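Remarks on the structure that follows.
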Amino acid sequence: MHYFVTGATGFIGRRFVKRLLERKGAVVHFLIRRESEGKVQALREWWGVGAARAAPVFGDLTQDQLGVAAEDIQRLKGEVQHFYHLAAVYDLGADAASQVEVNVEGTRHAVDFARAIAAGHFHHVSSIAAAGLYEGVFREDMFEEAENFEHPYFMTKHESEKIVREASGLPWTVYRPAMVVGDSRTGEMDKIDGPYYFFKLIQRMRQVLPAWMPSIGLEGGRINIVPVDYVVAALDHISHQDAIAGRCFHLVDPQGYRVGDVLDILSRAAHAPRIGLFVNAALLGFIPRGIKKSLLALAPVRRIRHAVMKDLGLPDDILEFVNYPTRFDDREARALLKGSGIACPDLKDYAWRLWDYWERHLDPELHIDRTLRGTVAGKVVLVTGGSSGIGLAAAHKFAEAGATTIICGRDQDKLDEACREAQARGYAFVAYPADLSDMADCDRFVQMVLAQHGGVDFLVNNAGRSIRRAIESSYDRFHDFERTMQLNFFGALRVTMGLLPSMVERRSGHVVNISSIGVLTNAPRFSAYVASKAALDAWTRCAASEFQDLGITFTTINMPLVRTPMIAPTKIYNNVPTLSPDEAAELVVQACVEKPVRIATRLGTFGEVLHAMLPRVAQIGMNTAFRMFPDSAAAAGAKEAGKAQLSAEAVAVQQMLRGLHF
């Protein structure tokens, strides 16, 4: 038996050819472009046959008679008993012109070629999309009744099937598979399409919410999904039966599920929150189409929608099919499959395999280099306050990852020591002395960086000053607030604004501002420090909104207590659980790699929520801690008198609230 197959290198076609070749004595001639000749040997190896049984025919679907040479047409004439046309564009996101060229004109060329070689039977693999958006149950004997072809994919699948049906003198059979997903036994799939578009959304829900928390989903219309192994087996079996000429068969799931049910099944497979409440998407139908179009035409709505869809990997028109109105009857197909052992498996039984394969092989995140080296190698990174503490630990990570790492600080000896340490580890820092509390020196430093490096790709505003002193001990120390604000806010602001124009010019740049957990918890005794960091936080939020469309991003890190030289004078911190500088530097790395808007610990976030929802309770709690921990002797204007004595309650609070400033 001789077969001819178009689309033999595709996801369905490759598996279908393999099944055909399992038939004794089968020879498959398959269409392939001349430039893809190098793939032939790999295909034969995958099919497990030699050249005698898998013969390439070079041509092009977009050319008359498939662009096959005249001698090949003559050689194949009268030899091919079954011609299978599988080649098509299945991508909803493809442009209309390419879909017409391949799906419509390509089918016309395939039919003409089949006539030219006098093929015994033309098998056309269409799609349930040929029904358009038909309201109700679409039977296998229905075609002209199809309606609503606004989307080019639906239109081209209908038109291509029409060409086959009107092919005079050529026996034909049409097969309409439902939405094809991966293999029900292995989960294997070749691309993200159909329900796979929602996998990223489900994954995000799993990352944010615990599995036991029920979520809300759309009920939507019915969606029909079939695994590729069922399509291949059913197509092979039915196409070799008698009395199938002039008939159409639906290769669908007889049961079918609503969109919400499919999402719930996939959520269970992903161990994500299950959908506990379904909202019927048809309720949105009461909004007139004109009003919906007007809303989507508004620039803010359009941009937000585009950003969300892009982030989740959803094509812009996917939401048009949430209320899919068509159900498909497949009695003719099931009648021919009866007794063969071929049946469509239940999605519930193989959804976990689809999810597992997607997460291991198709998740777009797998193909993004999330390492620090992949992010900063060859880039210029500036870390202020980089001669010690968090800044130095972060600088080591950047330099080790291949970045041109600039550090600055007031103490030349510390800068020299940092450079020697880097050199001993096999890389180098570029160190500049700078006093960022002096605005004139800030300007000098920025101009030097621009002149020597042309700007920076990553700016880490780490330089800072902290003062632990109660307000009642600061009545005559207004300069504490001035000098803290001068470095923590004005210094960081001066450097950032000096470097922003070069970032805008390149339409690229990321700014990381080291803030404090105290901004979220309103830590007592740190009013000067927290106020300066809160000012920087507020400025950052405004700047992020202004520069969002210019490729410049900002991350605020509400850093918990870190054991650095800055906290050394406060003796009660000696036995407090803190982050190490290296652990804090990992948060800086995360900020540069993932570029989130904010990084905060769970304790910090809890403090912020508590102050927002129960401000009086939060104030009482913080006041209790304030009275529990004493001022340092230095803050009180005296010399440090040995180790600070804390009550058992204070020690317990320190251990429970790791990272908070007291």
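The values are calculated or read from the model by the stated rules, or taken from the named source; none is laboratory data. Keep in mind that what you see is a predicted model, and the values were worked out from it rather than measured. In this analysis, Cβ positions are derived from the backbone assuming ideal geometry, glycine residues included, and neighbour counts consider all displayed protein chains.
Tallying residues that are in contact with a strand residue (DSSP E or B) (Cβ under 8 Å, 6 or more places away or on another chain), in a helix (DSSP H, G or I) and farther than 16 Å from PRO56 by Cβ within the stretch 1-15 yields 2. Taking the criterion of being part of a helix (DSSP H, G or I) and in contact with a Gly (Cβ under 6 Å, 6 or more places away or on another chain), the residues of the stretch 393-432 that qualify are ALA395, LEU415.
Looking only at the stretch 20-60, which residues are closer than 27 Å to VAL102 by Cβ and charged (D, E, K, R)? ARG33, ARG34, GLU35, GLU37, LYS39, ARG44, ASP60 - these are the residues of the stretch 20-60 that are closer than 27 Å to VAL102 by Cβ and charged (D, E, K, R).
To keep it simple, each residue is scored yes or no on (1) of a type in the set (Phe, Trp, Tyr); (2) out of contact with any Pro (no Cβ under 6 Å at 6 or more places or on another chain); (3) surrounded by fewer than 18 Cβ atoms within 10 Å (Cβ to Cβ).
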| site | (1), (2), (3) |
| --- | --- |
| PHE11 | yes, yes, no |
| HIS29 | no, yes, no |
| GLU35 | no, yes, yes |
| LEU76 | no, yes, no |
| VAL89 | no, yes, no |
| SER98 | no, yes, yes |
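Every condition in (1) at pLDDT below 95; (2) touching a Leu at 6+ places or on another chain (Cβ under 6 Å); (3) not acidic (Asp, Glu) is met by VAL28 except one, and the failing one is (1). Of all residues in the stretch 121-137, exactly one satisfies the criterion of being crowded, with 21+ Cβ neighbours inside 10 Å, under 15 Å from HIS2 (Cβ atoms) and not aromatic (Phe, Trp, Tyr), namely HIS123. Among the residues of the stretch 168-179, which ones are within 15 Å of VAL232 (Cα to Cα) and either buried (at least 22 other Cβ atoms within 10 Å of the Cβ) or modelled with pLDDT of 95 or more (or both)? Selection gives VAL174, TYR175, ARG176, PRO177, ALA178.
Screening ALA118 with (1) surrounded by 16 or more Cβ atoms within 10 Å (Cβ to Cβ); (2) part of a loop (DSSP other than H, G, I, E, B) gives one miss only, at (1). In the stretch 448-465, is there at least one residue being more than 24 Å from THR555 (Cα to Cα) and of a type in the set (Lys, Arg)? No; the residues of the stretch 448-465 include none that is more than 24 Å from THR555 (Cα to Cα) and of a type in the set (Lys, Arg). Restricting to the stretch 34-65, name every residue that is of a type in the set (Lys, Arg) and assigned to a helix (DSSP H, G or I). ARG34, LYS39, ARG44, listed by residue number.
Among the residues of the stretch 2-54, the ones that are in contact (Cβ under 8 Å) with a residue 60 or more places away in the chain and at negative phi come to 14 in all.
Within the stretch 563-598, being at pLDDT 90 or above, on the phi < 0 side of the Ramachandran plot and not in a helix (DSSP H, G or I) holds for PRO596, VAL597, ARG598. Scanning the stretch 131-149 for residues that are free of Cβ contacts under 8 Å to residues at least 60 places away in the same chain and charged (D, E, K, R) yields a count of 3. For the stretch 66-108, a tally of residues being more than 16 Å from HIS158 (Cα to Cα), assigned to a helix (DSSP H, G or I) and not acidic (Asp, Glu) returns 7. Name, by its number, the condition in (1) farther than 18 Å from ALA584 by Cβ; (2) touching a Leu at 6+ places or on another chain (Cβ under 8 Å); (3) surrounded by fewer than 24 Cβ atoms within 10 Å (Cβ to Cβ); (4) not hydroxyl-bearing (Ser, Thr, Tyr) that does not hold for CYS408. For CYS408, the failing item is (3). Taking the stretch 416-454 as the range and being touching a residue at least 60 places away in the same chain (Cβ under 8 Å) and either among the acidic types (Asp, Glu) or crowded, with 21+ Cβ neighbours inside 10 Å (or both) as the test, only VAL449 passes. Residues in the stretch 460-489 that are in contact with a strand residue (DSSP E or B) (Cβ under 6 Å, 6 or more places away or on another chain) and part of a loop (DSSP other than H, G, I, E, B) were compared, and the one that is modelled with the highest pLDDT is ASN462. Residues in the stretch 112-131 that are over 41 Å from the mean Cα position of the chain (by Cα) and of a type in the set (A, V, I, L, M): ALA114, ALA116, ILE117, ALA118, ALA119. Look at the stretch 189-204: where a residue is farther than 10 Å from LEU263 by Cβ and a partner is aliphatic (A, V, I, L, M) and not in a helix (DSSP H, G or I), sitting 6+ places away or on another chain with Cβ atoms under 6 Å, you get GLY194/MET179; TYR197/LEU314.
All of GLU135, GLU144 fail the test of being in contact with a strand residue (DSSP E or B) (Cβ under 8 Å, 6 or more places away or on another chain) and farther than 24 Å from SER98 by Cα, apart from GLU135.
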